[in-house]
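Working notes for the structure below.
The values are calculated or read from the model by the stated rules, or taken from the named source; none is laboratory data. Being a predicted model, the structure only gives us computed values, none of them experimental. As a convention, Cβ positions derive from the backbone with ideal geometry for all residues, glycine included, and neighbour counts pool all protein chains shown. Each accessible area value is taken on the protein alone, full model and side chains, heavy atoms only, with ligands, DNA and RNA left out. Shrake-Rupley method; radii C 1.70, N 1.55, O 1.52, S 1.80 Å.
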Amino acid sequence: LAASLLQGSQCFPASDLPAADILAFVRGLQNETAELSSAQLSCLARLLAAKNLTEDFSGYPPDLLLFFDLTKVPGGTCREFYARASRGNLDLLPRGSAQRTGLLRGALACLGVRSSQLSPEQLGSLGVLVCDMGAGAITASAPAILENLKLCPALTGPQEDALNTLLLRGATAYGNPLSWDLQTLQNLGPLLLALNQTTLSLVPKAVQEAFIRSIIATYGSQGRSQREKSLTLLRAFAAPSGSSHPRLKRSTDRCLSSPITSSIISYTPLLILYDTSEQFDLCLSNEVLQANLEALLEQPLTVDYLRVMKKKLEQIYPSGIPEEQLKMLGSLSRQYTAEEISQWPVTSSDTLSALLNPSDGKWGALQVQQLVSRYLALGGTLTGPLLQKIGGRHLCDLQEEQIKQIPPEAIMTAGQLDISSCSQAKKDQLYRKAREAFVDQAGTRAYYCQIWPYLGGAPAEDLKDLANSGITIDMDIDTFLALNPNELQKLSVTDVKNLLGANLPCLKEAENETSVMRWVERQSQRELDCVLGIGLQGGKEDPTGT
């Protein structure tokens, strides 16, 4: 299946799929580029368990193993299991979650680790799981731990401090920072993002400058994520650390290099030729900026350089930036405050769409609120494609008054939006709009397939109607746990049974979730046993015995 088809799809009940199909699908994921969400991987892990297909995990993607029931990992194959799971994307699990901490705890127990001092062999088996170990393990373990740390999605502050301490000792394969060359910096890879100024200041100046050139040379061919990392590195190497820093020049009031021209912009990395923002300011004329705005923004420029451009645009357009130029602002647009955005002439959906382009960097919540507010104030309408561009996270950043202005038909064409980070009040709003958008399909399976991403805002009355509609729901457990906890408490045992359908056994696995425990406490234990029959405990005893 194409990634576009897999994205947002729900968890099928195990009874709907033959074991051979599930097995073929999971093994086929090894050769596909589709990235499944945490909920989908959790679903597949449950399907495999339901079909008793978890014992031979050698052909399963490492990401999938992160979601296996760790209590069922056989002791005889635990080393192979954790070694394979340790190659997965740890970011799929929230840091500190029970499953994520359980993976590290299980792996350490399996390997017989009883201290924070890890051997090279143990590090080879732990892989990315080392990312959740404390800072003490970094300084106490074999230097090979650096290779594990390269796998980490992100390091904590104490872990970064420990990493720098280890590197400053000079006892790793990379040697002392004073002796690093360009190849060493490149070999450090993602660890460069964690180096502090103390470590960076020891790197020879010529090596720093060569590394900056190498970043800029590949910047144009990089994707969004890699560009963000490149800019972070450029800022780190450009940060002044004293008068001897290679990028700190004596201040002057004139351009010391050639004035910036269209030709120079096309063929020269400006961060090298104009190595301070002051020189960039002095060598860039307003006329050249106005004529080459898009080309300039294709260059890798740090925040100081972008601020120079912003200042010059204010001089060029004292009455405000015209709408055609707004479409070209790209990453520069993120340097404007909400107050400044409130003056922008955002009158067309094309302009708003261009400004919302995620490849240009992240917006702040207040900036997005003001951007959308300005567009609506000037007569704009939020369409489905615009809601897709805004995305679930920024959609949740909008004010409730702005969400009120979303027409229901926009929800119909927006695709499946992730509103999990919204406040309950905003989830309620979006659910009401989705219900209105899909009302013509009410009472059908198609209706549920359209409405389920918004059920976190559904009142108990609507959930009861859905449960008793006579259609097969088979709500997956992740959707169930995302329901409004207060509304969930109003559902009867039969309501819950009808909603979950074939996925009812998953409720037992989620019995320690707060909303589930609260719901169970309100129900009769006898009814839980008779109606559900899955072993849920904690309900009220029936004093009458009926």
Q | Breaking point among (1) within 19 Å of GLY127 (Cβ to Cβ); (2) assigned to a helix (DSSP H, G or I); (3) under 24 Å from the mean Cα position of the chain (by Cα), for LEU151 | A | (2)
Q: For ALA446, state whether it is among the hydrophobic types (A, V, I, L, M, F, W, C), open to solvent by 40 Å² or more (accessible area, probe 1.4 Å) and within 23 Å of ASP476 (Cβ to Cβ).
A: yes
Q) How many residues does region 460-488 hold that are in contact (Cβ under 8 Å) with a residue 24 or more places away in the chain, under 17 Å from GLN523 (Cα atoms) and either open to solvent by 10 Å² or more (accessible area, probe 1.4 Å) or among the charged types (D, E, K, R) (or both)? A) 3
Q) With LEU282, LEU296, LEU306, LEU332 as the choices, which residue is outside any loop (DSSP other than H, G, I, E, B), of a type in the set (A, V, I, L, M) and out of contact with any helix residue (DSSP H, G or I) (no Cβ under 7 Å at 6 or more places or on another chain)? A) LEU282
Q.
Can you find, within region 312-333, the residue that is modelled with the lowest pLDDT among those that are closer than 30 Å to SER221 by Cβ and open to solvent by 30 Å² or more (accessible area, probe 1.4 Å)?
A. SER331
Q: Report those helices (runs of 4 or more DSSP H) wholly inside region 31-120 carrying at least 3 residues which are more than 23 Å from the chain's Cα centre (by Cα).
A: 38-50, 78-85, 98-111
Q: Identify, by number, the condition in (1) free of Cβ contacts under 8 Å to residues at least 60 places away in the same chain; (2) assigned to a helix (DSSP H, G or I) that SER359 doesn't meet.
A: (1)
(Q) For the structure I just gave you, tell me whether SER277 is at pLDDT 80 or above, open to solvent by less than 80 Å² (accessible area, probe 1.4 Å), of a type in the set (Gly, Ala, Ser) and touching a Leu at 6+ places or on another chain (Cβ under 8 Å). (A) no
Q: Select from region 436-488 the residues that are acidic (Asp, Glu) and touching a Cys at 6+ places or on another chain (Cβ under 9 Å) and write down the one among them that is farthest from GLU509 (Cα to Cα).
A: ASP474
Q) Right, GLU314: in a helix (DSSP H, G or I), out of contact with any His (no Cβ under 6 Å at 6 or more places or on another chain) and more than 30 Å from ILE272 (Cα to Cα) or not? A) no
